[in-house]
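Undergrad: What follows is a structure written as structure tokens; I'll ask about it next.
The values are calculated or read from the model by the stated rules, or taken from the named source; none is laboratory data. This one's a predicted model, so the numbers in the text were calculated from it and none came from an experiment. Quick reminder, even Gly has a Cβ in these numbers, built from the backbone with ideal geometry, and neighbours come from all protein chains shown.
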Amino acid sequence: MTSEQLFVGVLERDDLPLVINRLHLTGCGIEIGTQYGRYAQTILGGTQLAKMFLLDCWDLVEDGDRFRNDSAFSKERLQQMEKLVRERFA
């Protein structure tokens, strides 16, 4: 299969399951930057992947007396996001 054939019909990231299925991938996947887990749910629901690892920084990094993260989310919001993902994929 050529790369052109592989990506026929792939117009946005929600179409990625088409590529995964065309490659007959059934093992493990990883999503880096999971946030709420919505996209991971799209991938798992549209493929035959056996397992998917979800990776995100749901905590703030301490920098002296400040907390920092690459997002504008508060520590409480990050903890809510992590809880939601854990419940969604339990």
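Undergrad: May I ask you to list the residues in the range 15-42 that are closer than 20 Å to Gln5 by Cα and in a helix (DSSP H, G or I)?
TA: Scanning the range 15-42 gives Asp15, Leu16, Pro17, Leu18, Val19, Ile20, Asn21, Arg22.
Undergrad: If you take the residues of the range 1-34 that are loosely packed, with under 14 Cβ neighbours inside 10 Å and of a type in the set (Ser, Thr, Tyr), which of them is modelled with the highest pLDDT?
TA: Checked the range 1-34; the qualifying residue modelled with the highest pLDDT is Thr26.
Undergrad: So, in the range 14-60, exactly how many residues are more than 23 Å from Arg77 (Cβ to Cβ) and not hydrophobic (A, V, I, L, M, F, W, C)?
TA: Number satisfying all stated conditions: 14.
Undergrad: Considering each residue of the range 58-81, count those that are in a loop (DSSP other than H, G, I, E, B), surrounded by 15 or more Cβ atoms within 10 Å (Cβ to Cβ) and at pLDDT 75 or above, and give that number.
TA: Number of matching residues: 2.
Undergrad: Consider Gln48 against the criteria (1) at pLDDT below 95; (2) surrounded by fewer than 16 Cβ atoms within 10 Å (Cβ to Cβ); (3) not hydrophobic (A, V, I, L, M, F, W, C): it satisfies all of them except one. Which criterion is unmet?
TA: (1)
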